[in-house]
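To start, the structure under review is shown below, and the notes come after it.
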There are 2 protein chains.
Amino acid sequence: MESIRIGLIGAGTVGSGVIEILKKESNSYRENFGLDLVLAAVCTRTPEKVKKELQNFPSCKIEPDYQKIVKDPAIDVVLELVGGTDVAYTIVNNALKNGKTVITANKALISQKGEELFALAEANRVEIGIEASVAGAIPVIRSIKTGLGSDSFLSLYGILNGTTNFILSKMELEHLDYSEALKIAQELGFAEKDPTFDVEGIDTAHKISILGSLAFSQKIPLQSVQIEGITKISGLDIQFAGELGYRIKLLGLVRKIADKIEARVQPVMIPVKHPFANIMDEMNAVYYQTVYAGPGMFVGKGAGSLPTASSIVSDILYYGSRRNKGMISEKNLFPEAVISEANGALVRYYLRFTTVDQPGVLSEISKVLGDHGISISSVRQNEVEKEPVEVVVITHPATEENIKKSLKIIDGLSLIRHASVAIRLEDKF
Amino acid sequence: MESIRIGLIGAGTVGSGVIEILKKESNSYRENFGLDLVLAAVCTRTPEKVKKELQNFPSCKIEPDYQKIVKDPAIDVVLELVGGTDVAYTIVNNALKNGKTVITANKALISQKGEELFALAEANRVEIGIEASVAGAIPVIRSIKTGLGSDSFLSLYGILNGTTNFILSKMELEHLDYSEALKIAQELGFAEKDPTFDVEGIDTAHKISILGSLAFSQKIPLQSVQIEGITKISGLDIQFAGELGYRIKLLGLVRKIADKIEARVQPVMIPVKHPFANIMDEMNAVYYQTVYAGPGMFVGKGAGSLPTASSIVSDILYYGSRRNKGMISEKNLFPEAVISEANGALVRYYLRFTTVDQPGVLSEISKVLGDHGISISSVRQNEVEKEPVEVVVITHPATEENIKKSLKIIDGLSLIRHASVAIRLEDKF
């Protein structure tokens, strides 16, 4: 039987999940894959936490120096589970140079340094497994590379950040405002103390740049992803969306527009009857359109110790079984995409204006919109007892540029109480 | 560059889709996979239909005798796309014996003869690709084998038959009865003239026996799948389901119950808010629970020329790239599952009784249920102007055995107009 000797660096949430799965499932991997996964060495800052678990792996050593693991000729596969882009970069870089297969859950590293690292892997005739780096437990990367490998992608949409999806779900179901829902998410461990990375859409941007590059075989650099987070979404918008038959989701999306690529992260409104709209709480999902197979969707857990670890271990099995077999390396280096100017596309918009309660408000607003070629599909203004009045407009397809210009003028009118809100409708998928 | 020489047998709906994809995408496969997919020979009963298309493949010959293709030493991969279990069996059998990799979309063949054929493949050190045999364009088989390969399945639910899902969707959305919806499905080409295979659940049973065996690493023979189709579902049941917050779907399901396996195909009611309930029309989906990664779901097209062909071609790329690399064969031979007696499980039921309009009806019905230990969770009886009266009961968890016994007695009562209906609620997933 073939042995795969594993060096695990970083035994935190995901790393300890990997140890647990290896303990429980190694017999079944021998039986079902003919592979003996041997945990050979673990490097961690907190060895006392894993000491007891490691008694189940009598031949595993605790190695305080990760440099020794990445150089150890007895190790085949290095798991980089420390996170960040400093030490993690050094680990992956050195492991590849030493001919190790590398498995990582580190989307920041892959999104920022992927090109360099994949080139290094190719030069050293080894592979990097990144299934756990996007959408934790969902086997979406393998599916793009193999199951959908014969196909040609037209668009890929992701709900890829559990924190923001949890916050938006709580806001809707418990009628909370953003800050209240964020607080609950923080208390339950679904949001960090500093939630910027998640709520501003940066995490989703990392992930969509990775998925988009693989799906379209074109490099989509993180810098070319337009990013907008959820911090400006109010409970009012969520409520209006519901009344109109929509639900607000933070989407990462990559689409082909002629020969260009549109790549963005932003809150959009999705028809509530679409299966994609029913991905609630901390769940993740990827929806795609392709030339032959699509549309299709994958749904699953995006984070967590065992879910993410299950993807790490499936990468060990997959790349471990390919190691030293003269398999052609998977293609991970692509020509850079030509990014489309996003404001060229015509899409419908939800606009919300907070106004004084006096005659002529709607006429002034609609005049500005009309001056910019934006025609109105529907208007909703509920009866209220006191100011302000919320005026909701759904437009016919318009460009982002014209929407922005109009809102700038409208927000300067004296009848407007505070900054207007514009959210795109994604109703054509 | 590595060449994969393909012999295509059967150029009907799926086969002609394969030819189209190979024509359009071969360049990108050379670029992205380093594989040159060469269509070397085509065997079809209607060569005139593909003649024009094959002008794009100057080195491809039309070979009237499939026996020559399966023996041709210049062919690496044989595509069995003739369907059925007679000629198809001979093709696959002989191709394997001659050391060819086989790719097939034939769920009947795999479900009935899979064990023998996989053993033959192993003996000849080649592989069989079956991605297209279940859920057409959804890469669910590859996902079970690789992306979720590290995990351990607890349950797998499939909406695997587009015909029945289309009929059920039409019945609900257009308020039709079964026979009316069937007629539309037949007119649109979603149902065969003789729809038995689909509407009686046999097609789903084939597919769930294949998926279940792979997911649980236990052989689930077709004969041990309990099968119930959709022909007894009425528009009334669909309407009541909707009022109660449920939707009726024909599910194939495989579940672990202690050390046994439950395998069945039947119409069940799913909470309408569950993403699985929103798989409408001819779409397919697989929902799963596992120890580590799940729950999760895959959604996509289950049939059609190009969707199914896309899975065939992805199998060519996948198994073609593994060919002659000394890869360990995937495990496809499993010990036979111990099948649980299905009526042991406690589940909730929707019961519908068609009764005369007279006092005491509900009391008689509930007495029989009570005598069998079945307690009632809710009752709905709408006011009607003329007989019959429809009485709908949702039970607390009960065994199938007790439900059947009760209905047998109730259906013998003089107050019952015709056979009562029982549909399981799947509300715990």
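Read the figures in this text as sums done on the coordinates, not as results from a lab. These numbers were taken from a predicted model, which means no experiment stands behind them. As a convention, Cβ positions derive from the backbone with ideal geometry for all residues, glycine included, and neighbour counts pool all protein chains shown.
Here is how the numbers come out for the structure above:
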| item | result |
| --- | --- |
| For A:Gly129, residues with placed amide H under 5 Å, excluding near neighbours | A:Val102, A:Ile103, A:Thr104 |
| Inter-copy separations for B:Leu173, label at 7 Å along Cα-Cβ, nm, ascending | 2.7 |
| Excluding exposed DSSP-loop GluC sites (Glu not before Pro) (at most 13 other C-beta within 10 Å), longest clean stretch of chain B | B:1-173 |
| Lys, Arg +1 and Asp, Glu -1 on Cβ, resulting dipole of chain A about Cα centre, debye, nearest 20 | 1080 debye |
| Spin-label model distance (nm) - A:Glu115 vs B:His372, 7 Å beyond Cα toward Cβ | 6.8 nm |
| Computed FRET value (nearest 0.05) for A:Lys193 with A:Met1, which takes r as the C-beta separation and R₀ as 51 Å | 0.65 |
| Cβ-vector label at 7 Å, B:Val338, separations to other copies in nm | 6.5 |
| Charge tally in the Cβ shell below 14 Å around A:Ala40, where Lys, Arg are +1 and Asp, Glu are -1, A:Ala40 excluded | +1 |
| Per-pair calculated FRET efficiency, R0 = 25 Å: B:Gln186 and B:Glu341 via Cβ, rounded to 0.05 | 0.10 |
| Too-long pairs where the Cα-Cα distance tops 30 Å, listed order kept, from A:Lys207/A:Lys232; B:Lys24/B:Lys183; B:Lys49/B:Lys145; A:Lys273/B:Lys219; A:Lys325/B:Lys331 | B:Lys24/B:Lys183; B:Lys49/B:Lys145; A:Lys273/B:Lys219 |
| Other-copy label distances relative to B:Lys97, 7 angstrom Cα-Cβ extension, nm | 5.7 |
| Linear extension gain, A:Glu401 paired with A:Lys232, 0.36 nm per residue minus alpha-carbon span | 58.9 nm |
| Charged-residue dipole, Cβ positions (Lys, Arg, Asp, Glu), the protein assembly as shown about Cα centre, Debye nearest 20 | 2020 debye |
| Value at 222 nm in deg cm²/dmol, rounded to 500, when DSSP H runs of n ≥ 4 in chain A each add -39,500 (n - 2.57) | -11000 deg cm²/dmol |
| Mean Cα-pair separation over length for segment A:343-425, i.e. relative contact order, pairs under 8 Å, 6 or more apart, % | 49 percent |
| Hydrodynamic radius (Kirkwood) for segment A:286-341, which is based on Cα pairs only, to one decimal in Å | 15.1 Å |
| Gyration tensor verdict on segment B:30-156 (Cα atoms; rounded if a/c is under 1.5, prolate if a/b is larger than b/c, oblate otherwise) | prolate |
| Contour excess over end-to-end distance, with Cα ends at B:Asp259 and B:Ser363 and 0.36 nm allotted per residue | 33.4 nm |
| Backbone HN-Hα couplings from phi across segment B:360-374 [Karplus 6.51/-1.76/1.60, Hz, Gly and Pro as x] | x, 4, 4, 5, 5, 4, 5, 5, 4, 4, x, 4, 9, x, 9 |
| Cα shape, the protein assembly as shown, gyration tensor, a/c 1.5 rule | rounded |
| Centroid-to-centroid separation of segment A:247-273 and segment B:246-306 [C-alpha atoms, Å] | 27 Å |
| Relative contact order (%) - criterion: Cα under 8 Å, at least six apart; region: segment A:140-301 | 33 percent |
| Gyration tensor verdict on segment A:140-301 (Cα atoms; rounded if a/c is under 1.5, prolate if a/b is larger than b/c, oblate otherwise) | prolate |
| Distance between modelled label sites at B:Val87 and A:Leu173, nm, 7 Å Cα→Cβ extension | 5.4 nm |
| Computed E for B:Lys24/A:Ala419 - FRET, C-beta separation, R0 56 angstrom, nearest 0.05 | 0.70 |
| Whole-Å distance, taken between Cα centres, linking segment A:184-245 and segment B:336-375 | 48 Å |
| Of the trypsin sites (Lys or Arg not before Pro) in segment B:176-225, those whose Cβ has at most 15 other Cβ within 10 Å and which sit in DSSP loop | B:Lys193 |
| Cα centroid separation, segment B:87-112 to segment A:118-183 (Å) | 37 Å |
| Relative contact order (%) - criterion: Cα under 8 Å, at least six apart; region: chain A | 16 percent |
